[in-house]
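**Q** Questions regarding the structure given below will be posed in turn.
The values are calculated or read from the model by the stated rules, or taken from the named source; none is laboratory data. Everything numeric in this text was worked out from a predicted model, so none of it was measured. Neighbour counts are summed over all protein chains in view; Cβ atoms, including those assigned to glycine, are modelled from backbone coordinates with ideal geometry.
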Protein chains: 2
Amino acid sequence: MASIKDVAAEAGVSVATVSRVLNDHPSVSADARTRVLAAVEALGYRPNAVARSLRTDQTRTLGLVISDVLNPYFTHLARSVEEEARALGYSVIIGNADERPDLQDHHVRTLLDRRIDGLLVSPTDGGSPLMLDAARSGTPMVFVDRWIAGLDVPVVRSDGHAAVHDLVAHLHGLGHRRLAIIAGPAATTTGRERVEAFRQALGAYGLALPDVYIGQGDFQAQSGRRATERFLDLAEPPEVVFAADNLMALGALDAVRARGLRVPDDIALAAFDDIPWFVHTDPPITAIAQPTGELGRAAVRALVDRIEGRPPESVTLPARLVARRSCGETAPHEPQVLQEPPASTEPSAATNRSQP
Amino acid sequence: MASIKDVAAEAGVSVATVSRVLNDHPSVSADARTRVLAAVEALGYRPNAVARSLRTDQTRTLGLVISDVLNPYFTHLARSVEEEARALGYSVIIGNADERPDLQDHHVRTLLDRRIDGLLVSPTDGGSPLMLDAARSGTPMVFVDRWIAGLDVPVVRSDGHAAVHDLVAHLHGLGHRRLAIIAGPAATTTGRERVEAFRQALGAYGLALPDVYIGQGDFQAQSGRRATERFLDLAEPPEVVFAADNLMALGALDAVRARGLRVPDDIALAAFDDIPWFVHTDPPITAIAQPTGELGRAAVRALVDRIEGRPPESVTLPARLVARRSCGETAPHEPQVLQEPPASTEPSAATNRSQP
DNA sequence: GTCGGTCGTGTAAACGATTCCACGACTCGC
DNA sequence: GCGAGTCGTGGAATCGTTTACACGACCGAC
């Protein structure tokens, strides 16, 4: 592969001049510039990013460590992150933690070894020593979706409180009183918060959230299935199951079906995170939609601000309820947008917002 | 950040010795080794992968350029690729082409600039000059799922001919005679092949595939919707629509619903690529399942063979039919496996195979 | 006509690792 | 006791860039 020296030789100038042309430094004569450009063209020369990074101490690369690539919420997030990063001149390397702290550490470590300029993380747990070190040692970092308390790291996330309240109102209005939740891991912020928001909203309607109505999940489908089976085995099963993410909702749907029961007639179902597929399930699933694309873009902007020396900002965007048939009401015809148009406006899956 | 020099100073040895310890070169005294290790520990030293790559001319990184991250088939593929690569000591950088040749080129270019050791591509088109150059100039490369003809590049893919034949048999058995297909872009191998396999299978049953029954799609949901609308507008609409990928099937389902029609009563639907969600749609969708995980792993093995100087092998694995309710038959209870267990055996979504 | 300034260019020193080569200290065999 | 290995170690070159610095040529101003 041709190097800068070959170009310099071909153009009859020094490597310094070639470099200056490539980085369009002002003081290069028009003549030298055209000769260099011709040589570059002739040799098919492309600068070696590795060497450049070593010298400049920057890779123009962002690391993104997400909890689960198979979760459509996170792929959507990853996609918007890459789009915004590309627009700002950065590349993205994605690491999939698969909800496993050890894998998460593995990816953080390799990304750090590669000297990425900044790290975007949706932490799987409360923070390994490695992660805490990285954050404290000054690696530019931003949390997205989930975060770790007690660190001076900006957080870009969406706040589901109001939407969860809307959901409970919706369910209450449909006559449901025994509401259960499948929670995410307590080590994650989203795992805890969603339960708290739910409990709080229930309280506003004079309803309690008994411990047996809290299923412990891990954001994966299998755990949603198991938690739902346990609910159905209760002497007094809940009338509604609210899954704290979309994969656990899928597992819940499986469990209900496997018993020969029907949604919403026998039991209602709702989920946190709206995804295009929820429009097409049987029945369509009521969900709380996050502005996923905007979240990813805001996270990249915050991180790049941090990297380039501007003060980064934490961002919190509201989530909203999208009511469908899985809780009992027949929704009116709703616009079915399959996916967010590339890099343009939200929302992703559907647009009607229920009023309590 | 501590460098090898700092470690050398701390341990009272030369950088050469530190390097030897780190790469466990045999000729280092036990004493020096322990001192170096202690210094590494004390300083929290991690080797700079950028510098190492520059010197050794290898990055231990694979590039993966896929056509669309939002397509569950490709995320599944990406996940298995990363898993196998990690097991072999490589990292993976994913580039999402979004079915756009220009974006594909962008990613190929940046990956090449970063001097990745090898490239895994599922080409979006027939091959840009850049891609052809890369292949011919000797960059280790393997095609996965789709490929470009006329290049000496190994291909890892699945062969759907038998499964498509099974599908047509299944449809014919259910009494369907007017069968339509939504094709992928003619510039892709999978775009062309699936139509050909379908036409061939129809021929075996004495059925023709008229041009009006071939919809032109681009593997995205929106195009599936439009093609289906066109089918429904025909004087004699088809009885079955076979979508060449899962997203177009989703679009087709939308279009049917939007007209107030029902699947399978008014029109039947089948798809190429099986994904976990197809079990949960209304109705569950009949699909042709590829051994996606095994495809990803085989592709990585082929590429790493190529990189490490062993002769790489092209691999072709069979796809198989998974019959569900969307074509008219009520399937018996089928085992519902939501996702392939991490890095273990196929299959991904469902297991029953229909017999003609 | 000289002086100071600008402009274009080249030389060479980094960046952080790996690795070839040389060299001193031992060991062993005769 | 001496020559030939072996072993552990360090010095220094190298990978492909960027960039500080020096320098010569040219220009305009006095």
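**Q** Considering only residues of the stretch A:248-259 that are under 24 Å from residue A:161 (Cα atoms) and more than 9 Å from every other protein chain (Cβ to nearest Cβ), which is surrounded by the fewest Cβ atoms within 10 Å (Cβ to Cβ)?
**A** Once the filter is applied, the top-ranked residue is A:249.
**Q** Another question, then. Would you mind telling me which numbered condition in (1) more than 10 Å from chain A (Cβ to nearest Cβ); (2) modelled with pLDDT of 95 or more; (3) under 26 Å from residue A:51 (Cα atoms) residue B:111 fails?
**A** In the conditions (1) more than 10 Å from chain A (Cβ to nearest Cβ); (2) modelled with pLDDT of 95 or more; (3) under 26 Å from residue A:51 (Cα atoms), residue B:111 misses (1) alone.
**Q** Take residue B:37 and tell me if it is among the aliphatic types (A, V, I, L, M), within 11 Å of chain A (Cβ to nearest Cβ) and in a helix (DSSP H, G or I).
**A** no
**Q** Could we say that residue B:120 is under 30 Å from residue A:44 (Cβ atoms) and either in contact (Cβ under 8 Å) with a residue 12 or more places away in the chain or within 16 Å of DNA strand C (Cβ to nearest atom) (or both) here? Explain how you work it out, then say what you get.
**A** On the way: under 30 Å from residue A:44 (Cβ atoms): yes; either in contact (Cβ under 8 Å) with a residue 12 or more places away in the chain or within 16 Å of DNA strand C (Cβ to nearest atom) (or both): yes.
Against the criterion (under 30 Å from residue A:44 (Cβ atoms) and either in contact (Cβ under 8 Å) with a residue 12 or more places away in the chain or within 16 Å of DNA strand C (Cβ to nearest atom) (or both)), residue B:120 qualifies.
**Q** Right, next: Of everything in the stretch B:57-83 that's more than 10 Å from chain A (Cβ to nearest Cβ), among the hydroxyl-bearing types (Ser, Thr, Tyr) and in a helix (DSSP H, G or I), which residue is farthest from DNA strand C (Cβ to nearest atom)?
**A** B:73
**Q** Now a separate question. Taking the conditions exactly as written (touching a residue at least 40 places away in the same chain (Cβ under 8 Å), within 9 Å of DNA strand C (Cβ to nearest atom) and not in a loop (DSSP other than H, G, I, E, B)), does residue B:53 satisfy them or not?
**A** In short, yes.
**Q** Which condition does residue B:262 not pass, out of (1) crowded, with 24+ Cβ neighbours inside 10 Å; (2) within 14 Å of chain A (Cβ to nearest Cβ), if it passes all the others?
**A** Of (1) crowded, with 24+ Cβ neighbours inside 10 Å; (2) within 14 Å of chain A (Cβ to nearest Cβ), only one is false for residue B:262: (1).
**Q** Let me ask you something else. Inside the stretch A:213-239, can you point out the residues that are charged (D, E, K, R), in contact with a Gly (Cβ under 7 Å, 6 or more places away or on another chain) and more than 14 Å from chain B (Cβ to nearest Cβ)?
**A** A:230
**Q** Evaluate the stretch B:173-194: report whether one residue or more is crowded, with 22+ Cβ neighbours inside 10 Å and assigned to a helix (DSSP H, G or I).
**A** The answer is yes, given that some residue of the stretch B:173-194 is crowded, with 22+ Cβ neighbours inside 10 Å and assigned to a helix (DSSP H, G or I).
**Q** Identify all residues within the stretch A:12-60 that are more than 10 Å from DNA strand D (Cβ to nearest atom), surrounded by 16 or more Cβ atoms within 10 Å (Cβ to Cβ) and not aliphatic (A, V, I, L, M); write none if there are none.
**A** Selection gives A:33, A:35, A:59, A:60.
**Q** Just the residues that are assigned to a loop (DSSP other than H, G, I, E, B) and among the hydrophobic types (A, V, I, L, M, F, W, C), please, taken from the stretch A:138-172. Explain how you work it out, then say what you get.
**A** First pass over the stretch A:138-172, keeping only residues assigned to a loop (DSSP other than H, G, I, E, B): A:138-140, A:145-154, A:160.
Those that are assigned to a loop (DSSP other than H, G, I, E, B) and among the hydrophobic types (A, V, I, L, M, F, W, C): A:147, A:148, A:149, A:151, A:153.
**Q** Specify which of the listed residues (A:137, A:67) is of a type in the set (Gly, Ala, Ser), closer than 21 Å to residue B:79 by Cα and either crowded, with 19+ Cβ neighbours inside 10 Å or without any contact (Cβ under 8 Å) to a residue 24 or more places away in the chain (or both).
**A** On the way: A:137 fails: closer than 21 Å to residue B:79 by Cα.
Among A:137, A:67, only A:67 is of a type in the set (Gly, Ala, Ser), closer than 21 Å to residue B:79 by Cα and either crowded, with 19+ Cβ neighbours inside 10 Å or without any contact (Cβ under 8 Å) to a residue 24 or more places away in the chain (or both).
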